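Enquirer: The structure is given below, and queries will be raised subsequently.
The values are calculated or read from the model by the stated rules, or taken from the named source; none is laboratory data. Just so it is clear, the structure is predicted and the values come from calculations on it, not from any experiment. Methodologically, a virtual Cβ is constructed for each residue, glycine included, from the backbone with ideal geometry; neighbour enumeration extends over all protein chains shown.
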Amino acid sequence: MQPRISLQDWIQELSARIRALLRCGNITLSPVMNWGSLQIDLNICQATYDGQQLHLTPKEYRVLELLLRCHGYVLSRSEIIEKLWSFEEPPEEDAVKALSSV
């Protein structure tokens with residue numbers, strides 16, 4: 001059973017996520033994002049490099065998408081956590097270190 005959160009907590013989390021997206025300043029409406037030979041298709045959650053499909057876990061894909069959306073910005077671990085993990089399920093520090101060291 002998942003813990004219940006109050007409406008106020010939910011609104012605070014949503015507000016934090018919106019602020020984080022606005023800080024990036026690079027919200028893309030295109031279904032495909034490119035950076036050099038790297039391409040991600042937001043409609044089908046698929047990443048390719050030089051035309052070869054990358055086999056990523058869902059969390060790895062979300063990290064890649066976040067980095068492309070925030071291209072040119074340095075993100076701290078706490079910002080990555082804020083943007084990618086839910087309020088009810090915070091990550092362990094080792095999970096963030098593992099994803100950021102890839």
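Enquirer: What pairs come up if the first residue lies in the range 41-68 and is at negative phi and aromatic (Phe, Trp, Tyr), the second is exposed (fewer than 12 other Cβ atoms within 10 Å of the Cβ) and modelled with pLDDT of 85 or more, and their beta carbons are under 9 Å apart, counting only those six or more places apart or on different chains?
Expert: Pairs found: Tyr49/Gly36; Tyr49/Ser37.
Enquirer: Which of the residues belonging to the range 36-48 are of a type outside the set (Gly, Ala, Ser) and surrounded by fewer than 12 Cβ atoms within 10 Å (Cβ to Cβ)?
Expert: Asn43, Ile44
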